[in-house]
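To keep things clear, I will list the structure first and then write my remarks on it.
The values are calculated or read from the model by the stated rules, or taken from the named source; none is laboratory data. Bear in mind that the values here come from a model prediction, so they are computed numbers and not experimental data. Neighbour counts run over all protein chains shown; Cβ positions are idealised from the backbone, glycine included. Keep in mind that these areas ignore ligands, DNA and RNA; they rest on the heavy atoms of the full protein, side chains included. Shrake-Rupley method; radii C 1.70, N 1.55, O 1.52, S 1.80 Å.
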Amino acid sequence: MDKTITKLINEMTLEEKASLCSGRDYWATKSIDRLGIKSILFSDGTYGLRKPKCDSSVFIGIENVTSTCFPTGSALASSWDSHLLEEIGAALGKECREENIDILLGPIASIKRSPLSGRNFECFSEDPKLSGEMAAAYIKGLQGQGVGACLKHFIADNQMFMRMSKSSELDERTLREIYLANFEIPVKKAQPWAVMCGYNRLNGISCCEHKDVLTNIIRNEWHYEGLILSNWGAVNDRVKALKAGVDLEMPARESIPDNEIVQAVLDGTIQESMLDKTVKNILLTVLKNKSYKEKSYSLDLDKHHQLARKVATECIVLLKNEDNILPLNIHNLNRIAIIGTMAKSPRYQGSGDLYVNPNQLENAYDEIHNLAGNQVVIQYCDGYSSEDNETNLSLMNEAQIIAQNSDVAILFVGLPDTMELAALDRQHMKLPQNHMRLIDHITNVQPNTIVILSNGSPVEMPWKHKVKGIFEGWLTGQAGGGAIADLLFGVANPCAKLPETFPLKLSDNPSYLNFPGYGDTIEYNEGLFVGYRHYDAREMDVLFPFGYGLSYTKFEYMNINVSSNTITDTDILTIKVKIKNTGCYSGKEIVQLYVKDNSFNVQRPLKELKAFDKVELNPNEEEIITMTLDKRAFAYYDIDTKDWIVETGEFEILVGSSSRDIRLKEIVFVHSTSNNKKKFTRHSTIHDIISDPKSKKTIELLIPSFVSPADIEEFRQSGIINKTFQKTIHQTPLCKLIHYFKGYFTEEMLEQLLHVLNK
Ligand code: BGC
């Protein structure tokens, strides 16, 4: 392929090269017919295609083509299921093929820093490992069908408010461990065809002009081979962007960027060889696209609908099940009240420009009818108006009457489109007033109330104690209605777990004090302590922890076994755990593995998710699952050496059912192979020395040659070594010891000590 590309580049004029570096219109790149270079067609849609029915020169069509609307990102990540994400990717890929789309603009791997960010419903998680793995699986599935994925929005693009101008200000370690790690996993594991740079600035530099991340990190360090393109309209300076690493500017800006590039080559601002590299990245994508398109595919939209339903059942999280009110037993019920307009007109996807036109749409009301309508009386009432957030007393009273006359009330509430818009951050984490009042009204008369939530990101639940059952129904796509019915009546057993923490209240969230930021910056002051890393470190109560979710069955965790209790950081550690279904229903359990550093000298979160797996078991069945950890699971990013480093010491391997329900633990001692020996100076402290096992040993061996036991006794007698001294000695710089122990510890001795320590 390289030869073909080199030949093509040699045959191109400067103008032709420049022309490839920006779009033809809204959704397509330019072609060069005389050289057989085809154009590429993009389409939006992270959970379904959002392709205008008209041609590619129109941004938003009056109508979009129909497509399967799958659950959105927050829901998908609740499945913690790479296989499912791969299936979704493959299904989307086939639908793209049918519509001649070459690259789909998804997935979004961005970290959920605040529960308020407008695009949260499309993002996966607050955790980089989970976000990264979900994105990687989705990309593999999509690309397996010969359609490119576009991983976005690179990087630290975590809010909508002034997204096009604000600068995300964060330190290098946080950037590496949280906001880059989520992209690093899918880039390395799945090589997306494209990566999209964000609108925002990162530490003052526009993401489209950030050479450090676009060239040094993603290309040189992670060996990314695909296309780097701008978000739509994100380029401010085409020449700077090209020099930083942006291959393609989208969408078209007439001939402006092309002329700028030509001019820059002519006046020497850009060397033609640099432009050739950019063109090569574009041509690689064009040719890859051509060869993939030769692969055959088959499309069955009914199957995609069934897949959407299966996935939705694995995405909906059972948050509360008091008195085992769920699953509902049809035989014990005479009357069911279904309340809430969202039961009949579901909120099942995001709102705004990203609207997917579903090819069919289930609603929970009909699906419950289909399942239980022959055996129980089902009464329905709107309960609130879908037009506004005002309480409608007559609807509420009507709902109260049917709730009172039923054995159970199923309440459909959530965030209406107006309160969760892709283009705007939310202002708070509350449900609309009329939904909250309805919950009060119903629970006053009906103790058996189950709430089904429809929302793309967490809400506060001051009413949690009043209801017996809660399902986090997310935005579960076109088949979410059927999935809810299946879960309510036990046709399916819930297995999803939260991919983000639900705080008790918004102000508990670590980003609260600087979201959405002041002036033109957003200070990521919480650093590494995003999501559960913060709530754990602060020992805070939360509404529902990261990784939490209930099942109708129970799982026992047994027999943790690690391949070795002492390893070096280049070894792969294998962890085996036995999981047994000890309940009465078949079910799936998501097993989570966290790593805790017990002997750190740099600040570290209390524990971090490093592996997970999902296992399906019948009652009484058990299975041993195996997870592996490599160096990165134990490492932190060291900003001095610019490398991932493991500190020699003890680590805990914590295996559990959620981040706050750790069932098994094993200790492993990891020896570091990093050559990150500290350089000790006269200002180093005793603590610096003894915190490194090797230098600790050295100093222990040296001490007797400096001071004798008799000397030490003399210091004690004279009061130099008193209680305070003993407490503070660790913090004392070596040079100060010369003053403390005048005559006993000298400059020469200090020099000798440093010489030995630094050898
Ligand atoms: C959004 C992207 C989207 C692009 C094209 C931008 O405003 O941030 O996610 O892919 O528009 O519609």
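Just the number, please: carbon plus sulfur as a percent of the accessible area of segment 598-659, 1.4 Å probe, no ligands or DNA/RNA counted.
Working: 1080 of 2610 Å².
Here it works out to 41 percent.
Think of the chain as a dipole: +1 on every Lys or Arg Cβ, -1 on every Asp or Glu Cβ, centred on the Cα centre; then among MET419, ASN448, THR553, THR553 lies furthest on the positive end.
Find how much the distance from GLU616 to ASN675 grows on full extension, using 0.36 nm per residue of separation minus their present alpha carbon separation; answer in nm with one decimal.
Numbers: separation 59, 0.36 × 59 = 21.24 nm, distance 4.33 nm.
Full extension from GLU616 to ASN675 adds 16.9 nm.
Shape analysis of segment 457-603 based on the Cα gyration tensor places the equivalent ellipsoid semi-axes at 30, 29, 13 Å, largest first.
Rolling a 1.4 Å sphere over the protein heavy atoms, what is the accessible area per residue of segment 620-709, to the nearest Å²?
Working: 4870 Å² over 90 residues.
With the other protein chains kept in place, segment 620-709 gives 54 Å² per residue.
Other residues with beta-carbon under 12 Å from the beta-carbon of GLY233 carry, at +1 per Lys or Arg and -1 per Asp or Glu, a net charge of +1.
Hey, what's the per residue convex hull volume over the C-alpha atoms of segment 191-252, in cubic angstrom? All intermediate terms of the calculation are to be shown ahead of the outcome.
Values: hull volume 4.4 nm³, N = 62.
Convex hull volume per residue, Cα atoms: 72 Å³.
Sort segment 166-213 into rounded, prolate or oblate with this rule: let a ≥ b ≥ c be the square roots of the eigenvalues of the Cα gyration tensor; rounded if a/c is under 1.5, and if a/c is not under 1.5, prolate when a/b is larger than b/c, oblate otherwise. Taking the square roots of the gyration eigenvalues as a ≥ b ≥ c, segment 166-213 is oblate. With protein chains left intact and a 1.4 Å probe, residues in segment 105-256 average 24 Å² of accessible area per residue.
Net charge within 14 Å of ASN324 by Cβ-Cβ distance, Lys/Arg positive one each and Asp/Glu negative one each, not counting ASN324 itself? Mind dumping the intermediate values first?
Details: positive: LYS320, LYS468, LYS554; negative: GLU322, ASP323.
Charge balance near ASN324 sits at +1.
For segment 1-151, the fraction of 1.4 Å probe accessible surface lying on carbon and sulfur atoms is 49 percent.
Evaluated over segment 419-515, the count of Lys pairs having alpha-carbon atoms less than 19 Å apart is 7 (only pairs 8 or more residues apart or interchain). Using a simple charge model, +1 on the beta-carbon of Lys and Arg, -1 on the beta-carbon of Asp and Glu, nothing else, what dipole does the chain show about its Cα centre, in debye to the nearest 20? Dipole magnitude for the chain comes out near 1020 debye.
Near ILE522, the amide H atoms lying under 5 Å from its own belong to SER167, SER168, GLU169; only residues 5 or more places off or on other chains count, and H is placed 1.01 Å from N. Within the accessible area of segment 328-380, the carbon and sulfur atoms contribute 40%, probe 1.4 Å, all protein chains present. Once all protein chains are placed together, PHE651 keeps about 0 Å² accessible to a 1.4 angstrom probe. Between beta-carbons, use under 10 Å as the cut-off and find the net charge around THR418, counting Lys and Arg +1, Asp and Glu -1. Once all neighbours under 10 Å are counted, the net charge is -4. Partners of LYS51 within straight-line reach, counting lysines whose Cα lies under 17 Å from its Cα and excluding those fewer than 8 residues away in the same chain: LYS94. First check a/c for segment 448-490, with a ≥ b ≥ c the square roots of the eigenvalues of its C-alpha gyration tensor; if it is under 1.5, answer rounded, and if not, answer prolate when a/b is larger than b/c or oblate otherwise. The shape class here is oblate. The alpha carbon gyration tensor of segment 306-399 gives principal lengths a ≥ b ≥ c with a/c of 1.5 or higher and a/b no greater than b/c, which makes the shape oblate.
Placing +1 on the Cβ of every Lys and Arg and -1 on the Cβ of every Asp and Glu, with no other charges, gives segment 426-508 a dipole of roughly 200 debye about its Cα centre.
Please name which of ALA264, GLN375, ASN434 has its Cα lying farthest along the dipole of the chain towards the positive end, using unit charges on Cβ (Lys, Arg +1; Asp, Glu -1) and the Cα centre as origin. Of the candidates, ALA264 comes out farthest on the positive side. Binning all Cα-Cα separations of the chain at 20 Å, short to long from zero, yields these whole-percent fractions: 16, 43, 30, 10, 1. Each residue of segment 601-611 was assigned a 3J(HN,Hα) from its phi angle through the Karplus expression (A = 6.51, B = -1.76, C = 1.60, θ = phi - 60°), giving 10, 9, 5, 9, x, 4, 7, 9, 5, 10, 6 Hz with x at Gly and Pro. Evaluating 6.51 cos²θ - 1.76 cosθ + 1.60 at θ = phi - 60° for every residue in segment 280-288, the Karplus couplings come out as 4, 4, 5, 5, 4, 5, 4, 6, 4 Hz, glycine and proline recorded as x. Between ASP44 and ARG50, LEU105, the built amide H atoms are under 5 Å apart, and every one of these is 5 or more places off in sequence or on another chain.
Taking all pairs of distinct Cα atoms, average 1/r, flip it, and tell me the Kirkwood hydrodynamic radius of segment 1-100 in Å to one decimal place.
Working: mean 1/r = 0.0621 Å⁻¹.
Mean inverse Cα-Cα distance, inverted, gives 16.1 Å.
For a 28 Å ceiling on Cα separation, which of these pairs sit above it: LYS310/LYS554; LYS295/LYS631; LYS166/LYS614? Don't skip to the end; give the middle numbers.
Numbers: LYS310/LYS554 21 Å; LYS295/LYS631 38 Å; LYS166/LYS614 39 Å.
With Cα atoms farther than 28 Å apart: LYS295/LYS631; LYS166/LYS614.
Which pairs in the list LYS30/LYS277; LYS129/LYS277; LYS53/LYS211 are over 27 Å apart, alpha-carbon to alpha-carbon? Don't jump to the answer; show the numbers that get you there.
Numbers: LYS30/LYS277 17 Å; LYS129/LYS277 32 Å; LYS53/LYS211 37 Å.
Going by Cα-Cα distance, LYS129/LYS277; LYS53/LYS211 fall outside the 27 Å limit.
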